[in-house]
Each structure stands twice: as structure tokens, then as C-alpha cells.
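Notes to accompany the following structure.
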4 protein chains.
Amino acid sequence: MSYNLLKGKRGIIFGALNDMSIAWKVAERAVEEGAIITLTNTPIAVRMGDVSELSQKLNAEVIPADATSVEDLEEVFAKSMEILGGKIDFVLHSIGMSPNVRKKRTYDDLDYDLLNKTLDISAISFHKMIQVAKKMDAISEGGSIVALSYVAAQRTLYGYNDMADAKSMLESIARSFGYIYGREKRVRVNTISQSPTMTTAGSGVKGMDKLLDFSERMSPLGNASADECAGYCITLFSDLTKKVTMQNLFHDGGFSSMGMSLRAMSQYEKSFDDEGNEILG
Amino acid sequence: MSYNLLKGKRGIIFGALNDMSIAWKVAERAVEEGAIITLTNTPIAVRMGDVSELSQKLNAEVIPADATSVEDLEEVFAKSMEILGGKIDFVLHSIGMSPNVRKKRTYDDLDYDLLNKTLDISAISFHKMIQVAKKMDAISEGGSIVALSYVAAQRTLYGYNDMADAKSMLESIARSFGYIYGREKRVRVNTISQSPTMTTAGSGVKGMDKLLDFSERMSPLGNASADECAGYCITLFSDLTKKVTMQNLFHDGGFSSMGMSLRAMSQYEKSFDDEGNEILG
Amino acid sequence: MSYNLLKGKRGIIFGALNDMSIAWKVAERAVEEGAIITLTNTPIAVRMGDVSELSQKLNAEVIPADATSVEDLEEVFAKSMEILGGKIDFVLHSIGMSPNVRKKRTYDDLDYDLLNKTLDISAISFHKMIQVAKKMDAISEGGSIVALSYVAAQRTLYGYNDMADAKSMLESIARSFGYIYGREKRVRVNTISQSPTMTTAGSGVKGMDKLLDFSERMSPLGNASADECAGYCITLFSDLTKKVTMQNLFHDGGFSSMGMSLRAMSQYEKSFDDEGNEILG
Amino acid sequence: MSYNLLKGKRGIIFGALNDMSIAWKVAERAVEEGAIITLTNTPIAVRMGDVSELSQKLNAEVIPADATSVEDLEEVFAKSMEILGGKIDFVLHSIGMSPNVRKKRTYDDLDYDLLNKTLDISAISFHKMIQVAKKMDAISEGGSIVALSYVAAQRTLYGYNDMADAKSMLESIARSFGYIYGREKRVRVNTISQSPTMTTAGSGVKGMDKLLDFSERMSPLGNASADECAGYCITLFSDLTKKVTMQNLFHDGGFSSMGMSLRAMSQYEKSFDDEGNEILG
């Protein structure tokens, strides 16, 4: 069902890889809601993923670009404005990757060159994207910029590693730039802190299934899906949220406000059944 | 412009007094978006305010009720379901009043009977409303409950007095009940922390104009208006936010994430012009 | 070992019942650190608990008082100043009780008279204590007031019930009064958010042992004990924290900043062993 | 006055430059409290500042080191353990600098090489310091690591620029490493969010005097001084805070919990006197 919430709006979606991607769902939903968009991802992701399929389906051009490259970003905005016929109304940043995690470097054995890459890809790219857009005056007055984050920016989850620090920085960039872009062009900048989601990126994380289970049982509404996240993004791109900025908005079925649910604790208690009800180890 | 975001939904709006009220704007906007609603306020507010005007305009029945009375609340839900023809999809709680403030009792000279009234009217009424609704099974699966709050729940503003404590409790109730109603009926419970707004209630606050000025200059997007707040409420009542719950959501032009803006500081600096640039007193 | 951190200071400790009480430990530690103190608790607690034993041990007079009674509080401060020979330098508020929990009323079936009692005992008593002290000018310039809180004030834990709302209000009172008492007399007001602790009060909570286990495994340093909490209180009563005010300070081994620990998740995973590795229910 | 709170403890203080530095005050106070310490700063800071004076006064060796260099950090810990005769009990990280600020690059015109330097100096150095220490097993069981932060990590202050993002990352590192170092060696990692302080670094910031004035008037206890910060650091290094970890602790006279004080607003109102009481601009 469409509400035409984004009728006449122009958007750029960073980070769609395949139909498990949140960015993919956002792209689909944005078009359903009346927007015209461009898609962008790294050249290798464009080759290996299914972006061209999405491109055809949505009649949305793909602009391969490395989001850590200022030049590439300039091209993304220049081409997008050309293709879409005007300034951009909304942008989604759904980009994150930790080479330290990939190389199985633990947090107390980080490689600092790789940490720089984690930060560049997952956080600084957001600053670059906004700085480029602002310099080019590429975003419409009152436009909306959203990046995807995770609760690890505030609370430590084992194994999330240097991505936690990158997400903290990402959320800080949203505030810092939200102030400047807001006062000058009324552009909103927010992050959505989404439930853990079984995307291609997420599915590689060790123990992801158990974390999803715990998160599901802790959240009174259960984990939020990629589809639901897309719906929420649409509200932030729409004209109904013109005074929401510099916020990190939890879209997580309530997880972030939970200390312990009965459902998660009931499951936890089962773990003691074989052990004679031990307390602590 | 309408998106039909609330098409076919049934709602109850607590707290509309006159066309300066946020609840008034939410009622208008909800109907524009396709909802059918009932209105409720205290008998005295119904007599003294312009609710009947709104009632006619929106073709929405008024049910006078004291939101601190469980019986009255039961009647509100019973009648609303009867009038609207089914369970309720969304509820707005826009109720708050401090008899201590009215009686000019400062925070270090509170009257404790009046404090109980502040809490009962401004916070416990929210619990009563939800408890009544849940016991009557009056809210649809996946429904949405929103209460209006203020940043004073987290940060102290002089003169806000015992309303700060009431708003803290209000936000806690949203979490506590959000957990229970969410796990059982997928009902969402959230608060919106709105910019200071020149409603009839607000206009009585001493120094309100200067506070509004400071808040306006601190917020990169300026203060959010009652109309804008109505738009934001609609997104939370809609099906696009089905996994957002137990949150306090700032709708404030960025104020809550600001420490100091250039614009507010520039104004502040002017205060020293007559005084030879004094530092501290 | 004593540092004489409270040498020459006068204090009042509210809420010591027996040697499991945090307030008991704080009283002992305060005296070790050179303070002279009075003890107070309700008349019934004084009769039923071991306060007279503590009184003798510490040479500290017991003043029976109902902390919800302004008159009783006036007597506590008047007598304490008389006994201790001057204004009070520090006060501990360790008081909380929910008649709704005792009567097994669930959060969606609260008795509102009992809720008022929960609030009066667990939160408003803190306001009354400070208001009384301020009116009597009973706290020394730069004095320190601390109340004990729990993470449930920010995040929902099943079964904590209306105590969560009371603790939220308690923390708000610390901010609201911290502002006023700070600007006028430089008196600090803070709350300590302590790990779940197996006190007499805590031991009555159903499922408390499992919650303690989960909390222990989530917290990198494990749960904080009552003894450790006493040590932390001493730092807040001392002159080393004269600019710390209006804060809620977590004393919890890191729990509040955790999303998921490896140790808790390893235990959680065991719960699936008998069930063929089920994902969700 | 000394309490001997750090008697027998060994510490390393990063970042003392001259007697305006917070790190300088912490070094002095730590020695007063019975600790033996080493001092470290960059070679250029050692040459240009007064560190050798402090070194003599405290009988504390200076180890010049670039805190962004893993090798240099290894030497700091190796030499410190050698000089002090054992593992280190506490470390202060008081390091931060933004080349973008120095070069007057605004936040919407950052140089990304300089941003990398800001992050490396102000945030990643903290990770490197801890990773080096952990790999060398240089911190005693139950030791304490503290870094200095600022409220800009949570709320935007104009002109603080990319330091805000660096401080956010710094606070995230405290959590991430606090989890790991805590579970393995019971080492605490915290940040102190200090009032704006007129250090040599701070005094270069444009408009710093007005910001200090506003902050002073907003904070019920006024701004916290460097001396007071030193006292607070001591409590965190002591054995009285063994269960406090992964926290960002505000030491700011209450500023962080204020929305608006009467005193700041009274000053603000004066700014309108010449302008006929204008509202907004």
C-alpha cells in the first residue's frame, strides 16, 4: 500500500546489495511512495550483488562509487541531480564494514590501519557524503539524511568490535552536521538504530543466530525487520518529520529500553536445568 | 495535503482545549488523514474551551471525562468503541497541570497534596488510561499510544517545578507499560518530547517568551510548532512505525542534542555590552 | 582500612535494617572513615530489624521516623543536629517499597492507592527529606545527599513493577532539587544506580537469584556488593566530589553499558541444548 | 590535605603541559595521595612546557612519547614499570587536539587527513594505550584507566568541530575496552566529562570566555576547576570505585543535567534591553 508520502521527491540510496539489504528495501519502498531515486554502492558490490536487478525493477540508475572517495561522492551527487532533475530530498547511508572483524582481529588486538578503514568506511564516509552534498548545495531546503546505526554505539555487545566505536562516531557526525546543515538549510540529519538484521553482512557474524534469538525475546515487539525499517525510513524522509534532527532513533521493537524481559529470562533459566540450578560459575 | 495514513483507523484524543492546543491540531490532522475519532477533556475544559467547535468541525463526539477517574476512563473507551464502531487504534494523551505551579509554590516549598495532584493529572492518568484500555481490551492489536512530554524530564529548567518529576514518571510509564502491552498485544507506547509551545497552558508560564526565544535560537531548525507536532504524531499512529515502542522521541528542532549554538551565544554575548564585558558575577 | 575521608563530618543514614542492608554497610563505613552519624528507619523496622545492634556498634543514635511524614523528618534533622553538634554534611536515602509488589498486583492491574504509597515511600520521601532539610537549613554548605536507585529507572525489567516509575521519579527529584540546593547552598544531590543486591528487600523478589546470575554474567566486573556500594557512597560524601551533582551514577560492574557479554550469551546458548538448537519460539 | 587514597599505587599521567593542565593537577594530587608516578607527553610538549619543573617537584620521571605511536607507548609502559617497580595501578589520558580547529577548517570544510590526525591523537591513542598495556600485562588486577572527555561528545557546541566526534569515539572506546579488560583483569575504564576549563589548550578557543561564563551560570555549582577535577580523578583511581566501569562521569557542577538556569536566563534576558524586547530575529 502506498501513501504517496514521497511524491515528487528525489533520493539517493547508498548500500543496497541484494534483497536482504535494508537499503534494498528502503529503495523499493521509497519508489512505491512516489520518489525517484538513484542507487549507489562500491564497484565490486555492484558487480557481485544484485543491484542491477533492483535498478531495472525500480527504473533507478546505479552509480558505482566508493563512499570513502570525495571525488566519487561528488559524482554521485552531480549525476543524481542530473538524472533526477533537481536537488536531492533524501539520502540513505547504509554502509558499514570492519576489516578487523573480517580478519578476525579481536578488539584487544586491533590492526590500526584496519581500524582507520573501519572508521573511513563506516563513519567518515557519512561526513564526506554530507560535506560534499553541502558544498555542492545538492540537498533541498528541508531535506532529510538518514544513516543506519546499531545499539552497540551506546552499549557493548561482545564481538561487535571496532564497529561499535565507528557507530558512536557515526551518531556523533549526525549531531555535529545536523546542527550546521540544519541552521543553514534546514536539512535534517538522523540515525536509525535498527534491530540486528539478518542481512548478508549480518549473516557472517559468528553467533548471530543466538544474538537474534536473545534480541527477539528481549524486545516486546520482537526484532524489527528490514521491511519495517524501510517503512520507518520513509517517515523520516517525509514532510511529517521536518523538525526531527540530530537524533538517534531506535527502531528495535523496544530492545533498547529493556533491562530484562520475562521471555528472555525464561529461556535463560532453562540453561540451568542440567546443572542443578547453579548460581554463577 | 492528506496521505490517508490513518485511513480506517479509530482514535481518541485527550486534551484538546482550543486551537492553540497540540491535541487540537492532532485531532484535525488525524481526521484529515482518514481517521475517525472521539475527543475528551474534563467537564470544565469542555465548558470553557472551544471543544464543541472542534467537535462540529471534525464530526467527532466529545466525551467529557476526568482522566484521573478510572470510571470516567472506562466510559471514554466504552463510548468511543461504540461510537467509532470497533476497537481503538490510537490514543493521544496531552494532559498535564501542576497545582503547585498555579499556586506559585516553588520546588523547595511544595505542597504534597498538590504534588499528588500534579502526579495524578500529569502522569498517573496515563497509567490509568492504559490499564483501563488493556482491561477492556479496547486497543487493537498493533495499536499506538502517545503521550506528550518535555525535555524537563531529563534536564532541569528553572520554574518547571514538579512537572519535571511528573514528566519523568510519564516517560517511565511509557516504558513500563510499553513492555507489557507490547509483548501481549503488540501495542506501542511512546512519548514525544516536544519543543516549548505557546499553548494556553504554556502562555501562563512566567518568562515563557524568553525561554521560547532561547530555545528557538538553540535549535538549528527552530522550535517545533503544534502543527508540526501533529504531523509527527500521525507518523507514530500510522502503520509505518509498528516496531517503535518504549521510546521518548524528541520533536524539537534539534534542541535536545545541542550544548550551545552560535546563534544563542551571539545573543547571549549582547547581554554584556553595557557592562564592560564582565565575566561572571 | 580507613582514609579518614569523612573526618569531622556529620551524617544521617536512612534505611538500615540488618547487616544485609546497603545502608547498614554505608553507616559502618562512614564511621570508619571518621564521621559521626545518626540512624533512622520506620518504627516497625527499628523494632523488627537489628538497628539497635548497629547503633551500639557505631555509637550512633537511632531516631525512629516515618520518612513519608514531614513532621517525623523535621524531628530527624532537629535531633541529628542536636546529637551530632551541628549541621549535617551528608545524608543517605535508602528507602523503597512497593505495596503493589507485596500484594502481587501486576503492573497492568495496579491498585492506585497502593501506587500512591509506592511513590510516597520510594520517591516523594526523598523530596520531603530535602525540602525539610532546606527549610531548616540543616545541611552544611557543600553537603552531599545521595539516594539509591536501580537501572530499572531507565530500562524495563519484568517484575520490577511500579518501583521502576518510582525510581525514575526519584532520579528526577535528584536533578530538580540538585539544581536549587546547589545554586543556593552548593549542596550536591545524586543517585547511585546499584547492581541488584541480595538485601532483605531484594531476597523477596521472585526470580531474584536468576536475575542476579544474569546480571553477574553481563557485568564485566560482576555485580557490585553492598560493601562496595558503601565505599562508593563514601567518595560521594567526601570533599573530593564537590562538583558532582544532579547525576545518576551507575555502580554496577559495567552492567548499564552492556548490550550482551560473551559470558551471559554462552550461558544463554546452553538453554537450547535440549531443544535441537531452536531459533525463536 | 591527604587521605593516602593512592598509597603504594603506581601511576602514569599522560598530557601534563603546565600548571594550567588538568593532568598537571592530577599528577600533583596523585603524589600527595601517596602514589608514585611517571609523566609523559610528546617530545615537543616536554621541551616547550614546564614538565621538567613538575618532574622535579614530584620526583617523577618524564618519558617523552608520542601517544599515537605504539612503540612509544610500549616504552612508556616498560620504563614506567621499571622505574616504579611493578605493574601500573592507574593511568590518566588527557590528550586531545584537532589540527582542523588549528587550521581554522570549519566542520563543513574538514580536511580528511587532518580529521584522521584528530582521531588518532584524541581517541585512537586511548585505544593504543590500553591495547599496549593489555598486551604487556602492564596494569595491575583491578587497576583504573581514566580519560578526560567533554559534554560535546553528547551534545553539539558550535566551534568544537571534529573534536566532538573524537570525544564520542573516546567514550565508546572506554566502553568497548572496559568490557574486555574488565572481564579479564578487572581493570576499570572510564571517562570524566569535565567542565570547560581554561587550560592552555582551552584558552586558544575563540569565544571561550563567553562559553565559560554561560557554563558557569548554567551550572548550579559553577564550573568545575582543574584542581577539583584532580580530586575526582583520585576517587576513580582509588580502591573505593572498584565496580565503576564503562561509564562517562560528568564532573561539571551539574551543567549536563541542566536545560536552563534562572541565572543564565537572567543574563540572557539582558541582551534584549537595547532592542525593545524583541522575540526572535
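The values are calculated or read from the model by the stated rules, or taken from the named source; none is laboratory data. Just so it is clear, the model here is predicted, and its values are computed rather than measured. Here Cβ is always computed from backbone atoms with ideal geometry, including for glycine, and neighbour counts include all displayed protein chains. Surface accessibility is based on the protein's heavy atoms, side chains included, excluding ligands, DNA and RNA. Shrake-Rupley method; radii C 1.70, N 1.55, O 1.52, S 1.80 Å.
Summary of values
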| quantity | calculated |
| --- | --- |
| Relative contact order of chain C, pairs being alpha-carbon contacts under 8 Å that are 6 or more residues apart, as % | 18 percent |
| Residues of the range A:177-198 buried by at least 10 Å² on assembly (accessible area, 1.4 Å probe, chain alone as reference) | A:PHE177, A:TYR179, A:ILE180, A:GLY182, A:ARG183, A:ARG186 |
| Relative contact order %, the range C:1-59, counting alpha carbon pairs below 8 Å whose residues are six or more apart | 38 percent |
| For the range A:126-142, Karplus couplings with θ = phi - 60° (6.51, -1.76, 1.60), whole Hz, Gly/Pro x | 5, 5, 4, 4, 6, 4, 4, 4, 5, 4, 7, 6, 8, 9, 5, 3, x |
| Convex hull volume of chain D per residue (C-alpha atoms, cubic angstrom) | 138 Å³ |
| On Cα atoms only, tilt of A:226-237 relative to the major axis of chain A in degrees | 50 degrees |
| Amide H partners (placed H, <5 Å) of B:ILE139, local residues excluded | B:ILE88 |
| For residues of B:158-168, the mean tally of beta carbons on other chains within 10 Å | 6 |
| Between helix A:208-218 and chain A: long-axis angle, C-alpha atoms, 0 to 90°, nearest 10 | 80 degrees |
| Rounded to the nearest 20 debye, dipole of the protein assembly as shown from Cβ charges on Lys, Arg, Asp, Glu | 0 debye |
| Chain A - charge dipole about Cα centre, Lys and Arg +1 at Cβ, Asp and Glu -1, debye rounded to 20 | 900 debye |
| Positions from the range A:252-268 whose accessible area shrinks by 40 Å² or more when the full protein complex is built, not the chain alone, probe 1.4 Å | A:SER257, A:MET258, A:GLY259, A:MET260, A:LEU262, A:MET265, A:GLN267, A:TYR268 |
| Amide H contacts of D:GLY259 (H built 1.01 Å from N, under 5 Å, at least 5 apart or other chain) | B:THR156, B:LEU157 |
| Residue-normalised accessible area of chain C, expressed per residue, 1.4 Å probe, Å² | 34 Å² |
| Summed side-chain charge close to C:MET218 - residues other than C:MET218 whose Cβ falls under 13 Å, Lys, Arg +1, Asp, Glu -1 | +3 |
| Built amide H within the under 5 Å cut-off of D:SER193, gap 5+ | D:SER149, D:LEU249, D:PHE250, D:HIS251 |
| J(HN,Hα) series, the range D:147-157, from Karplus relation 6.51 cos²θ - 1.76 cosθ + 1.60, nearest Hz, glycine and proline x | 10, 8, 10, 8, 4, 4, 5, 10, 9, 7, 10 |
| Carbon and sulfur %, accessible surface of the range D:100-236 computed with the full protein complex present, 1.4 Å | 50 percent |
| Top of A:ASN190, A:ASN223, A:ASN116 by mean-square fluctuation, Gaussian network on chain A, Cα under 10 Å | A:ASN116 |
| Relative contact order (%) - criterion: Cα under 8 Å, at least six apart; region: the range A:62-130 | 40 percent |
| GNM result for chain A, Cα springs below 10 Å: residue of A:ILE37, A:ILE83, A:ILE12 fluctuating most strongly | A:ILE83 |
| Under the Debye formula (equal points on every Cα, no solvent term), log10 I(q)/I(0) of the protein assembly as shown at q = 0.05 Å⁻¹ | -0.30 |
| At 7 Å out from Cα toward Cβ: B:ARG102 inter-copy label distances (nm, ascending) | 3.3, 6.1, 6.5 |
| Averaged over A:233-240, number of beta-carbon atoms from partner chains that fall within 10 Å | 5 |
| Distance from the range D:92-131 to the range D:5-48 (C-alpha centre basis), Å | 22 Å |
| Area buried, chain C against chain D - accessible surface, total, 1.4 angstrom probe, square angstrom | 3400 Å² |
| Angle between chain B longest axis and helix B:162-185 axis [Cα atoms, degrees, rounded to 10] | 40 degrees |
